[in-house]
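The values are calculated or read from the model by the stated rules, or taken from the named source; none is laboratory data. What you are looking at is a predicted structure, and each value in this text was computed from that prediction instead of being measured. With ideal geometry, Cβ positions are generated from the backbone for all residues, glycine too; neighbour counts draw on all protein chains shown.
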Amino acid sequence: MPTELPLARHLDGLRAAMVAFVRYADRAGLGAAVPSCPDWTVRDLVAHQGMVHRWAAALLRGEVVAEPEAWQREGAAETDPLEWLRDGAVDLAQALHDAAEDVVAPVFLRDAPAPRSFWARRQCHETTVHAIDAQSAALGRLPHPDEVDWVAGEVAEDGIDELLGGFLTRGRSALRTEEESVLVVAPDDAEDRWVLTLSPEPAVTVRRTGGVAEDADWVLTGSARELYLRLWNRTDPPATDGLDWPALSAVTW
């Protein structure tokens, strides 16, 4: 089940993330370092996010995007990059609104929903995670989960599902173990559980409801928001002794 959230809810999540992103980026200043993305300043973060918004909108409109990096360079050179970021988010929301339910556009995750739903979900979480990066820049450190109270629980739960079922089951994912093992993610405030079977092959994720497997090697609990931050490596890592979660779960295109 790729996602249970409707388009409107993902757009709400995108909107909330944009409000937080701009607030914290402005508070931090464009030259501030981003603790959760050590090689970036806030200006770099804004340029990246604005590029991704414009790229996704173009794909939904059926446009050929030869060099999305040109948008990133444009954003980095803007005199008011936060206004440029807002403009791209508005364009993306309009493209999602205008797209037909059966629009044909590329997707790149396992267990992906139809393209319109895929891009609404992906940009909701792309923007949410990078808004947390902006918050880390304003704080000068990684945030604690209770400081990210602007992320709704159902959005966090959906983002856990996208990561565990979509990103970390791909062939390029580094989430592997030499011996077969089981990781369970069980939010305290949700009915869903994710059971990941790890081995030398790509991870296999099953989403279900009910109790936790007694023979699991790792069981992660906490609120959906807390687990969202920990699993996406935006706060202290989850307790997975013997499993280097930050290194093995790093997301790449």
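E191 passes every criterion in (1) in contact with a helix residue (DSSP H, G or I) (Cβ under 9 Å, 6 or more places away or on another chain); (2) modelled with pLDDT under 95 apart from (1). Residues of the range 94-108 that are surrounded by fewer than 19 Cβ atoms within 10 Å (Cβ to Cβ) and either assigned to a helix (DSSP H, G or I) or touching an Asp or Glu at 6+ places or on another chain (Cβ under 7 Å) (or both): Q94, H97, D98. For A250, the criteria (1) surrounded by fewer than 14 Cβ atoms within 10 Å (Cβ to Cβ); (2) of a type in the set (A, V, I, L, M, F, W, C); (3) assigned to a loop (DSSP other than H, G, I, E, B); (4) without any contact (Cβ under 8 Å) to a residue 60 or more places away in the chain hold in every case but one, which is (4).
Against the condition at pLDDT below 95, among the β-branched types (V, I, T) and over 27 Å from G140 (Cα atoms), how does V212 come out, does it pass?
Yes.
For the range 198-215, a residue qualifies if it is among the hydroxyl-bearing types (S, T, Y) and over 21 Å from the mean Cα position of the chain (by Cα), and the qualifying residues are S199, T209. A single member of A25, A57, A47 is small (G, A, S), crowded, with 21+ Cβ neighbours inside 10 Å and either in contact (Cβ under 8 Å) with a residue 60 or more places away in the chain or touching a Pro at 6+ places or on another chain (Cβ under 6 Å) (or both), and it is A25. Listed here are the helices (runs of 4 or more DSSP H) enclosed by the range 1-83 that have at least 3 residues being under 20 Å from the mean Cα position of the chain (by Cα), modelled with pLDDT of 95 or more and under 26 Å from E157 (Cβ atoms): 7-28, 42-60. In this structure, W119 does not satisfy being in a helix (DSSP H, G or I), modelled with pLDDT under 95 and crowded, with 18+ Cβ neighbours inside 10 Å. Within the range 171-193, the set of residues being surrounded by 16 or more Cβ atoms within 10 Å (Cβ to Cβ) and not in a strand (DSSP E or B) comprises S173, L175, T177, A190.
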